[in-house]
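The values are calculated or read from the model by the stated rules, or taken from the named source; none is laboratory data. Predicted model only: the values in this text are computed from it and were never measured. Virtual Cβ from ideal backbone geometry, glycine too; neighbours counted across all protein chains shown.
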Ligand SMILES: Nc1ncnc2c1ncn2[C@@H]1O[C@H](COP(=O)(O)OP(=O)(O)O)[C@@H](O)[C@H]1O
Ligand SMILES: [Mg+2]
């Protein structure tokens, strides 16, 4: 449904995201996890066609983000980091406006507004001015705005940022509810949020993807292993089997680019052993590296930030 | 096209909800009418004097169009020069500031539809203000016999020049998220476009002609005299379109930064 390939973005000389590559399947709920400044908002703005990428490509439902942005905007609902509200507008008027420019047919607008109000539990405040609502309600109005045209894909940028714990719980419930019949990408710098809502996590740090995994896989691999990445020219089909036989190797998997991810026991320093095996078997060593940013570091950062919020 | 109207309508209702519109309209009408009635008063004093001195001259040399409508509208042009930047300054600056522009940008709307919508909203506000002055002008039909034709073309010229101000104002507003900065830029630029012709004398003949041609105010005179000149119309139209085009380019290049 969404496929991103080598996506890159420069702000002036500064590179905000570097060669992001990932896929999102239909109906999936994917979490974008990373500390502040990791490039989450940038990626989401690019996918919503608000800003263009500097390089790489991305396709959503087969539509290209450069060529067919208008088509993409029709099927995406986007909640930016700051809800795009007009502070002087009444909630229901605001949603009517959003429905209008999101191309909801004229005779369906009333219906769409009612449905969005209902879904986001906003019926009681529909006559209030958005600028005077609490942050939690504003966030929900932002969500309602993203839902108004019944998009197939929802992109939510830090939907729980700045909310108090009760509001956070409400928004999470709402997102869970919405995820039943939609593809959702949501970003967060809070680990538990992701664990509660998402099936799959993309961890991003300083503009690079550090890991893509299901939640169970991620936590499992974290506890006991460190990861070494190996790329070779030949022998792809036998390598997995042979590598797994090395003492201290927990598991070997191959990613989309043909590189092998070797999970090793903590502190086993298997670089020498792996290199020797590669050379002995004449696979043609291309690259062997320890994964530069340790997942644990990122996780540590994320979990410590989370404690402040969860209080 | 539908999106354009939706955006214009939203901006318009936001104007009507804010005190800015009412304060500006009130101040505008007070200033205009003060000027207008003083000019009218001076006119009646003059025509009385003229009638006393030479019976026929009064009826012949003095007429309401030239001596009341034209100078009043000239002054209106100055008041609008001061006020329109205050109307246009919100267009994009405010949206950028409170990030609501992201709603527009993430919607299936093309940039030019947004730009035209913003322009249209300001135009309707200004057109409302200008047409409210017709009430005072209408009074002239009770006290004398002004010609309708020149009044109509004068107002058309006024609307065209005001649209140029608006176009420049919308452009300024797309350049910054600070409303004051936007207002000052558009005021400075439109005022400059007014007085640019003053340099004609100093500059040589060719360049001087160009400066004169660029001046916003010089193209207004034919309209005031009751003429509709396609060249002047085309001048105003191209200023408006050029301003909107630059606004479009600005918004587009903002995305790339
Ligand atoms: N408009 C911009 N101009 C320049 N740099 C930017 C801009 N937006 C974001 N950045 C930079 O790009 C990096 C990624 O930012 P962002 O995508 O907002 O991260 P996140 O949403 O994960 O916190 C940050 O270092 C930030 O300073
Ligand atoms: Mg962000």
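Miscellaneous remarks
- Sub-7 Å Cβ pairs linking a first residue in the stretch A:156-170 that is within 14 Å of chain B (Cβ to nearest Cβ) and within 16 Å of residue A:133 (Cα to Cα) to a second residue that is modelled with pLDDT of 85 or more and more than 16 Å from ligand 1 (Cβ to nearest atom), at least 6 apart or interchain, are A:162/A:135, ordered by first then second residue.
- Hey, residue A:34 in contact with a strand residue (DSSP E or B) (Cβ under 7 Å, 6 or more places away or on another chain) and either over 29 Å from residue A:205 (Cβ atoms) or within 13 Å of ligand 2 (Cβ to nearest atom) (or both) or not: yes
- Taking the stretch B:1-14 as the range and being within 21 Å of the chain's Cα centre (by Cα) and more than 10 Å from chain A (Cβ to nearest Cβ) as the test, the residues that pass are B:8, B:12.
Let's see how each residue does on (1) under 18 Å from the mean Cα position of the chain (by Cα); (2) surrounded by fewer than 18 Cβ atoms within 10 Å (Cβ to Cβ); (3) in contact (Cβ under 8 Å) with a residue 24 or more places away in the chain:
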{"residue": "B:168", "(1), (2), (3)": "yes, no, yes"}
{"residue": "B:179", "(1), (2), (3)": "no, no, yes"}
{"residue": "B:184", "(1), (2), (3)": "yes, yes, yes"}
{"residue": "B:203", "(1), (2), (3)": "no, yes, no"}
{"residue": "B:210", "(1), (2), (3)": "no, yes, no"}
{"residue": "B:223", "(1), (2), (3)": "yes, no, yes"}
{"residue": "B:231", "(1), (2), (3)": "no, yes, no"}
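- Looking only at residues of the stretch A:16-34 that are part of a loop (DSSP other than H, G, I, E, B) and more than 7 Å from ligand 1 (Cβ to nearest atom), we find that the one that is farthest from residue A:183 (Cα to Cα) is A:25.
- Residues of the stretch A:148-162 that turn out to be more than 16 Å from ligand 1 (Cβ to nearest atom) and surrounded by 21 or more Cβ atoms within 10 Å (Cβ to Cβ), as a count: 4
- Of the set (1) within 13 Å of ligand 2 (Cβ to nearest atom); (2) within 12 Å of chain B (Cβ to nearest Cβ); (3) surrounded by fewer than 24 Cβ atoms within 10 Å (Cβ to Cβ), all apply to residue A:74 but (1).
- Filtered residue count, the stretch A:222-255, keeping only those that are under 27 Å from residue A:279 (Cα atoms) and modelled with pLDDT under 75: 2
- Residue match in the stretch A:141-158 (condition: over 29 Å from residue A:6 (Cβ atoms) and within 16 Å of ligand 2 (Cβ to nearest atom)): yes
- Residue within the stretch B:111-124 that is within 14 Å of chain A (Cβ to nearest Cβ), more than 23 Å from the chain's Cα centre (by Cα), in contact (Cβ under 8 Å) with a residue 40 or more places away in the chain and surrounded by fewer than 21 Cβ atoms within 10 Å (Cβ to Cβ) present: yes
- In the stretch A:94-108, the residues that are more than 8 Å from chain B (Cβ to nearest Cβ), crowded, with 18+ Cβ neighbours inside 10 Å and farther than 28 Å from residue A:40 by Cα: A:96, A:104
- Flag if residue A:68 is over 20 Å from the mean Cα position of the chain (by Cα) and farther than 13 Å from residue A:145 by Cα: yes
- Every test in (1) under 30 Å from residue A:145 (Cα atoms); (2) in contact (Cβ under 8 Å) with a residue 12 or more places away in the chain is passed by residue B:103 save one, and that test is (2).
- Selected residue (criterion: nearest to the chain's Cα centre (by Cα)) from residues of the stretch A:37-59 that are within 14 Å of ligand 2 (Cβ to nearest atom), within 12 Å of another protein chain (Cβ to nearest Cβ) and assigned to a loop (DSSP other than H, G, I, E, B): A:48
- Residues considered: A:12, A:56. Of these, the only one that is within 16 Å of ligand 1 (Cβ to nearest atom), buried (at least 16 other Cβ atoms within 10 Å of the Cβ) and in the same structural domain as residue A:194 (by TED's automatic domain parsing) is A:56.
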